[in-house]
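Notes follow the structure.
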Amino acid sequence: MSSSSSAIYLNDLGVVCALGGDRAQVRAGLFADQPGGLRDNDQIIAGRTLALGEVTTPLPDLSALPVALRGRNNALLEAALVQIRPAVDAAIARHGADRVAVIIGTSTSGIGESENALRCHRESGQWPPGFDYAQQEMGTSARFVRERIGSTGPAWTISTACSSSAKALMAAARLLRAGVVDAVVAGGADSMCRFTVAGFSALESVSVARCNPFSANRNGINIGEGAALFLMTATPGPVCLAGWGESSDAHHMSAPDPQARGAIDAMQQALDRAGWAPSQVDYVNLHGTATGHNDAMESQAVAAVLGTTVPASSTKPLTGHTLGASGAIEAALCWMVLADNPQQQLPTHWWDGQGDAALPALALVAPGTHAARAPQHVLSHSFAFGGSNAVLALAKGQACSCR
């Protein structure tokens, strides 16, 4: 049974997003000389062309599965799952199906399938064949992964907007530390749909072009999609979840607390749980949505907790904002900084370089930057609607120490 002080490791990773359909493609895009990922799309919103982080690699065919388990969200999960399936199967064989849990974060689930069905019903008066309302249920994501791998341990879905899948990793760590299970498949997925694009457009938060985080000219987000899954255990692996922090400032339904109190609290919790001093952080993956309020709040939080010299970047200009999947996908990018990075590269902060004089001037990573030392400790931020704040402290496996 795991003790409460056990280190928790991210032993294997599967990821799909706008940068590519597997870990190698995503890594190549993350460290490329020019920004990729986003593409113009004029099909989601009639009459508008938007830069979106769509997954363009072919996704697995789920047509042989029960209707309730089909859909783009689950196809994204399957694309990530197949990459770690050998390790997952080995964990089940070693520990037993009842000792392997599944925790997934999402915000869209099968809303896209419901959109298409409602459109068909409006036009024809009939529901389309191959549609089941259960596709939209939030719990479907965890059920899908659980049934695909054949586990019988605990399984649930977390939906706290943009912090969903970061919280899934935290929940997995708590299960492992408590000794309830021996392995967890944890992560998240969200799929492109009109509902989210139209919703953020109604908030006047969507940028037509590639987003421009922390710029004086920032004007909103790009919606993205994707999935990332980790096999988490207490067995040493390439990356450790050394700590985490959660807070709920409940300042406003969609705007963050301008004083950044909840974000600061979550960051400090993550450092304390990991046992790190601020000076030990080698890189920060910023939430970095390129909205006026978020960037102002987050830059203030980073300056307050870490100062303004730690290298930092937002990777959302590459992936788009993948909403409920963003915490897991950005943890995956941090995994690549720590475990798959012999040249010590740091993810570029792609923007126009025109800083906002009203914000603390963070050390945003310039193109081609290599770390002065091999990165050992990184933070990944996820700050969601309603003030649901989540911060992950990730360490290189051999550098892991936690409380």
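Odds and ends about this structure:
- Positions within region 163-196 being of a type in the set (K, R) and buried (at least 24 other Cβ atoms within 10 Å of the Cβ), in sequence order: K167
- Residues within region 308-329 that are crowded, with 24+ Cβ neighbours inside 10 Å, out of contact with any Gly (no Cβ under 6 Å at 6 or more places or on another chain) and not in a helix (DSSP H, G or I), tallied: 3
- Close Cβ contacts (under 6 Å, 6 or more residues apart or on different chains) running from residues in region 246-272 that are at positive phi to residues that are at pLDDT 90 or above and open to solvent by less than 50 Å² (accessible area, probe 1.4 Å) comprise A260/M297; A260/A301.
- Reported count of residues in region 278-296, each being without any contact (Cβ under 8 Å) to a residue 40 or more places away in the chain and open to solvent by less than 40 Å² (accessible area, probe 1.4 Å), is 0.
- For region 202-216, taking the residues that are within 16 Å of G36 (Cα to Cα) and hydrophobic (A, V, I, L, M, F, W, C), the one that is surrounded by the most Cβ atoms within 10 Å (Cβ to Cβ) is identified as C211.
- Members of region 237-285 found to be assigned to a helix (DSSP H, G or I), out of contact with any strand residue (DSSP E or B) (no Cβ under 6 Å at 6 or more places or on another chain) and of a type in the set (D, E, K, R), listed by number: R261, D272
- Matching option when the condition is touching a helix residue (DSSP H, G or I) at 6+ places or on another chain (Cβ under 6 Å), of a type outside the set (D, E) and more than 30 Å from S207 (Cβ to Cβ), among A90, A142, A68: A68
Residue by residue, here is whether (1) of a type in the set (S, T, N, Q); (2) under 15 Å from N212 (Cβ atoms) holds:
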| residue | (1), (2) |
| --- | --- |
| L306 | no, no |
| A312 | no, no |
| A325 | no, no |
| I329 | no, no |
| W351 | no, yes |
| P360 | no, no |
| T369 | yes, no |
| H381 | no, no |
| G386 | no, no |
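- Where A91 falls short, out of the listed (1) open to solvent by less than 30 Å² (accessible area, probe 1.4 Å); (2) within 23 Å of the chain's Cα centre (by Cα): (2)
- Filter result (more than 16 Å from the chain's Cα centre (by Cα), over 19 Å from G397 (Cα atoms), touching a residue at least 60 places away in the same chain (Cβ under 8 Å) and not in a loop (DSSP other than H, G, I, E, B)) within region 1-51: G29, L50, A51
- In summary, G199 fulfils each of the numbered conditions (1) under 15 Å from the mean Cα position of the chain (by Cα); (2) open to solvent by 10 Å² or more (accessible area, probe 1.4 Å); (3) of a type in the set (G, A, S) with the single exception of condition (1).
The values are calculated or read from the model by the stated rules, or taken from the named source; none is laboratory data. Values in this document were obtained by computation on a predicted structure and should not be read as measured data. Note that each Cβ is placed from the backbone with ideal geometry, even for glycine, and that neighbours are counted across all protein chains shown. For the accessible areas, the whole protein counts, side chains as well, though only heavy atoms, and no ligand, DNA or RNA atoms are used. Shrake-Rupley method; radii C 1.70, N 1.55, O 1.52, S 1.80 Å.
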